[in-house]
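A quick write-up on the structure given underneath.
The values are calculated or read from the model by the stated rules, or taken from the named source; none is laboratory data. Model, not experiment: these values are computed from the prediction. Positions of Cβ are backbone-derived with ideal geometry, glycine not excepted, and every protein chain shown enters the neighbour counts. The area values use the complete protein model at the heavy-atom level, side chains included, leaving out ligands, DNA and RNA. Shrake-Rupley method; radii C 1.70, N 1.55, O 1.52, S 1.80 Å.
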Amino acid sequence: MMTNPVLVEVFRGEVVESRHRGAIAVVDGDGRTVFSLGDIDRPVFPRSAIKAIQALPLVETGAADAFGFDNVDLAMACASHSGEPEHVARAASMLERAGLDASALECGSHWPFDQPVLIELAKSGKEPTPLHNNCSGKHAGFLSTCVHCGLETKGYVALGSQIQEMVRESMEAVTGAPHAIDLCGTDGCSIPTYAIPLRNLAQGFARMATGNGLGPERAKAARRLIEACMAEPFYVAGTKRACTMLMGMAPGRVFVKTGAEGVFAGAVPELGLGFAIKCDDGATRASEAMVAALLSRLFASEPELCAKFDRYSTREMRNWNGIPYGVVAPVEELTKAEIG
């Protein structure tokens, strides 16, 4: 097995204290790999990075239109949100329009990702509900599809359920990778998750952005989901979250979605490219540096935009007294890469 290169270094003072290895794939709509670092054929779990593909049945079946879902709702269906009040309210609204409530959710409960929101919720004496789960929008999308198509809602998260088979078919068709039982695990929100090569994850988002290799209806649904996320980046993640911040730097031009354990996937529609990143040790600080540095390279011809992504890719670290002590920074092999 190939050893992935070091892509991010962590400095304390002038000394490298930690190193993060990883792999990156950039693929065009025809399936051609235009840039890669590391082993992009090693299967990885995309986790939440693949949510936009999982949301395809919501649009393709007509469920989204039947319940009057707009860009915010579609962004929520693709989201790993922070559990902020706007996110919680929107997930509840999606369920209500489908004739359901939070009791139908089978994603489990956890405290909001956003610390101020978590503190306010705790101070109020309330406990988090499944609506606070970062995946509640995705699950509201699954349930809405079930209601619209007359499928069983109870047990909708289970491997082999009707809705999860629809989702598996979508992921397999769009990424071009087999989603077999021996590659299947259970995600944090209880649905099945399948390990696929990083190259295929990137290819899936190149297809989502370009429509290449997809039928006309699926291509239309894919573009609608990508555009909804780019139009409403706050609802894809939340305040000061990487996906929201990065999409906000190039409004309507970049789609970015994170997944647990150091994964990112996304697309630059105007370039017809999809990309996928995996940080080997699962560190968020490193995967965020990797994806920002990659976006800088993809927009190398635009110095101002390139500089924005560069600044985000190199994070200053401060101690509890606010004293700077080091940085998290991508390596030169990535920051100087030429793509295309």
How many residues are more than 21 Å from D187 (Cβ to Cβ) and in contact with a His (Cβ under 7 Å, 6 or more places away or on another chain) if we restrict to the stretch 108-130?
-> 0
Meets criteria (touching a Pro at 6+ places or on another chain (Cβ under 9 Å), within 30 Å of G215 (Cβ to Cβ) and either at pLDDT below 95 or crowded, with 22+ Cβ neighbours inside 10 Å (or both)) for H139 | yes
Look at P130 and say whether it is over 14 Å from E106 (Cα atoms) and either touching a residue at least 24 places away in the same chain (Cβ under 8 Å) or not polar (S, T, N, Q) (or both).
-> no
Considering only the stretch 299-315, how many residues are open to solvent by less than 20 Å² (accessible area, probe 1.4 Å) and either in contact with a Leu (Cβ under 8 Å, 6 or more places away or on another chain) or touching a residue at least 24 places away in the same chain (Cβ under 8 Å) (or both)?
-> 4
Going through the stretch 316-338 in order, the residues found to be of a type in the set (S, T, N, Q) and open to solvent by less than 70 Å² (accessible area, probe 1.4 Å) are N319, T335
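Per-residue answers, yes or no, for (1) farther than 30 Å from Q162 by Cβ; (2) open to solvent by 40 Å² or more (accessible area, probe 1.4 Å); (3) modelled with pLDDT of 95 or more:
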| position | (1), (2), (3) |
| --- | --- |
| S36 | yes, yes, yes |
| I53 | no, no, yes |
| D70 | no, yes, yes |
| L95 | no, no, yes |
Being part of a helix (DSSP H, G or I) and either within 27 Å of G22 (Cβ to Cβ) or in contact with an Asp or Glu (Cβ under 6 Å, 6 or more places away or on another chain) (or both) is the filter here, so list the residues in the stretch 199-216 that pass it.
-> R199, N200, L201, A202, Q203, G204, F205, A206, R207, M208, A209, T210
Just name the residue that is surrounded by the fewest Cβ atoms within 10 Å (Cβ to Cβ) out of those in the stretch 283-298 that are over 23 Å from H81 (Cα atoms) and either within 14 Å of the chain's Cα centre (by Cα) or not aliphatic (A, V, I, L, M) (or both).
-> R297
Restricting the search to the stretch 147-188, which residues are in contact with a Phe, Trp or Tyr (Cβ under 6 Å, 6 or more places away or on another chain) and surrounded by 19 or more Cβ atoms within 10 Å (Cβ to Cβ)?
-> Y156, I163, H179
Has the stretch 259-267 got at least one residue that is assigned to a loop (DSSP other than H, G, I, E, B) and under 23 Å from D30 (Cα atoms)?
-> no
When the stretch 248-282 is examined, which residues are found to be over 12 Å from the mean Cα position of the chain (by Cα) and either open to solvent by less than 10 Å² (accessible area, probe 1.4 Å) or at positive phi (or both)?
-> A250, G252, V254, V268, G272, G274, C279, G282
Consider R218 carefully, then state whether it is at pLDDT 95 or above, of a type in the set (D, E, K, R), open to solvent by less than 50 Å² (accessible area, probe 1.4 Å) and more than 30 Å from H110 (Cα to Cα).
-> yes
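Yes/no matrix, rows are residues, columns are (1) closer than 26 Å to G215 by Cβ; (2) at pLDDT below 95; (3) not in a loop (DSSP other than H, G, I, E, B):
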site: E86; (1), (2), (3): no, no, yes
site: A92; (1), (2), (3): no, no, yes
site: A122; (1), (2), (3): no, yes, yes
site: K154; (1), (2), (3): no, no, no
site: A158; (1), (2), (3): no, no, no
